[in-house]
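Heads up, the thing below is written out as structure tokens.
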Amino acid sequence: MAFIPRTMGIFFLLIIILAFTAGALRRELALVLAGAVFLAVWTYCLLMTLILAVIHSRRVRRVSIRISPREVSTGESVQVMYSEGDTAAPGHRIFQLPGILVRCRLLLAAKDGRRIWYDFDCADSVLPSFTAEKRGAYFSAGDEFAVFDILGFFRFVFRLSAEDGARLLVSPHAADEPPCLNARAGESKLMPEFSFQRTDNLIEHRPYVPGDDPRRINWKLYSHGGGLFVREGEREPPPHSNISILIDTEYDPLLYSAGAARREIDLLCENALAAAIACAESGMAVFTGYSVSSHTGHANNERKVPELVPPAKLAASLAWPAALPVSASPHLPSVPDAAFGGDNCGILVLALPRSGGETQHHRKPAALDRFLRNVASSSAGQNKIRPVDILFLFSGFTGDDSSKGSTMAYSERLAAAEVCTVLYNQRPGVRARMAGV
């Protein structure tokens with residue numbers, strides 16, 4: 001149990017002392033009586049809060065807070081489930097005193113600094129809920145069971161135990177349009193052209209009309225009857241290929257504040273999800289991955305290699321990327337090896353522009369640069385250049401409502417993206433593009 005004296009309680013105590021002192025010096029009974037009344041109120045809040053905290057001290061040992069569902073999309077509602085031991089039904093009877101409240105607080109935090117605070121009445125008969133407004137993987141920051149007075153003088157806090165790992169995954173919504181980039185995936189493009197199976201069944205033919213593909217004309221039927229017919233055969237599935245969509249979560253502090261970087265990483269995730277869905281719908285096997293920090297405190301909860309994720313799980317996997325500053329030394333995961341079709345696997349990296357590209361002053365090579373070097377070294381051993389597509393995405397978001405600041409930020413990031421595109425296009429096998437939103 002932690003006792004937290006509030007600023008209002010200390011200020012109120014100073015007023016009481018001042019009232020008694022002034023009343024004694026000036027011999028004014030009114031000031032003394034006012035001080036006595038204030039002291040009675042202050043003492044009541046202190047004693048009743050302390051008594052109620054002692055009464056509920058045993059209850060706290062059985063209390064737990066759970067979240068349902070664990071995986072949601074931004075803007076969806078999340079229910080908070082309060083339980084005491086095996087009892088999970090809402091509407092617990094909580095003993096309270098006049099002017100003294102008992103509340104629970106859910107505390108969640110993501111690795112990039114985003115936090116969720118939610119206070120609720122554990123005696124409410126309706127399950128409390130809140131809206132998950134920001135994308136991210138949220139871990140426990142220490143749930144609380146608090147007893148405090150309505151005047152805000154004193155607060156007794158009990159820390160509650162919470163489950164390990166991510167308690168809430170808030171996935172992004174897909175961007176309205178997939179990134180305008182034909183990522184090379186194996187021997188096919190991002191949206192491969194469909195072909196048609198050969199068939200000689202007359203029922204599956206129709207007369208040729210201008211605009212039909214001449215390759216679908218059945219010349220054997222033409223030699224017999226003199227008419228032009230095109231095959232109506234079933235569409236063949238696209239050639240099987242793999243693609244790894246990686247998100248570089250590193251940001252340049254010279255171009256982005258922490259708040260702006262979080263919003264920009266959301267932008268990368270939204271576009272990565274749109275690209276992944278488009279690739280999955282076209283028949284590709286999609287890998288997703290993101291850069292992680294070597295300094296993270298939740299190493300066991302981070303996936304450090306891309307995983308083959310089915311379409312239903314793509315969104316949840318993109319809740320994990322977190323904005324990381326250069327000082328965190330993040331690194332991109334390696335692409336799948338030959339066992340996962342690595343030789344035939346295309347690579348698409350979504351990243352934020354950075355000032356000066358790789359030639360940044362007194363800085364370690366960026367995660368993207370180290371990744372490209374690893375790809376180049378592995379390609380050199382196979383005597384084959386492995387293509388990598390890079391898309392630098394940016395916006396003018398600054399974290400405030402200043403249109404002037406947004407305009408300046410957009411122009412600075414535009415210039416940085418142009419420099420990065422030129423520099424990275426000079427590398428063998430790299431095709432860099434840029435896009436502003």
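Lys and Arg at +1, Asp and Glu at -1: add these up for the other residues within a Cβ distance under 12 Å of ALA141 and post the number.
Details: positive: ARG105, LYS111, ARG114, ARG115, ARG159, ARG167; negative: ASP143, GLU144.
Once positives and negatives cancel, what remains is +4.
Ranking MET434, MET408 by Cβ neighbours within 10 Å, fewest first, what do you get?
Listed from fewest to most nearby Cβ atoms, that is MET408, MET434.
For every other residue with a beta carbon closer than 12 angstrom to the beta carbon of PRO5, add +1 if it is Lys or Arg and -1 if Asp or Glu, then tell me the sum. List each step's numbers first, then the result.
Numbers: positive: ARG6, ARG155; negative: ASP149.
Once all neighbours under 12 Å are counted, the net charge is +1.
Around the amide H of TYR251, modelled in the peptide plane, lie the amide H atoms of LEU324, VAL326, all under 5 Å away and 5 or more residues distant in sequence or on another chain.
For a quick check: sort SER317, SER57, SER355 by the number of other beta carbons within 10 angstrom, fewest at the front. Walk me through the numbers on the way to the answer.
On the way: SER317 24, SER57 14, SER355 17.
The fewest-first ordering by Cβ neighbours comes to SER57, SER355, SER317.
Taking θ as phi - 60° and the Karplus parameters 6.51, -1.76 and 1.60, the scalar couplings of segment 247-260 work out to 10, 8, 8, 6, 10, 8, x, 6, 10, 9, 7, 4, x, 5 Hz in sequence order, x denoting glycine and proline.
Here the 3J(HN,Hα) profile of segment 138-149, calculated from phi with Karplus coefficients 6.51, -1.76 and 1.60 at θ = phi - 60°, is 9, 10, 6, 10, x, 5, 10, 10, 10, 10, 8, 8 Hz, Gly and Pro shown as x.
If you take every residue apart from VAL102 with its C-beta less than 15 Å away from the C-beta of VAL102, what net charge results, scoring Lys and Arg +1 and Asp and Glu -1? Don't skip to the answer; put the middle values down first.
Details: positive: ARG58, ARG59, ARG62, ARG93, ARG103, ARG105, ARG155; negative: GLU84, ASP119, ASP121, ASP124, ASP143, GLU144, ASP149.
Local charge sum for VAL102: 0.
Would you mind ranking LEU127, LEU352, LEU255 so that the residue whose beta carbon has the fewest other beta carbons within 10 Å leads the list? Walk me through the numbers on the way to the answer.
Working: LEU127 15, LEU352 28, LEU255 20.
So the residues, fewest neighbours to most, are LEU127, LEU255, LEU352.
Every number here is computed from the coordinates shown, using simple stated rules; none is lab data. Note that the structure is predicted; figures quoted are calculated from it, not measured. Cβ coordinates were reconstructed from backbone atoms using ideal geometry, including for glycine residues, and neighbour counts include every protein chain displayed.
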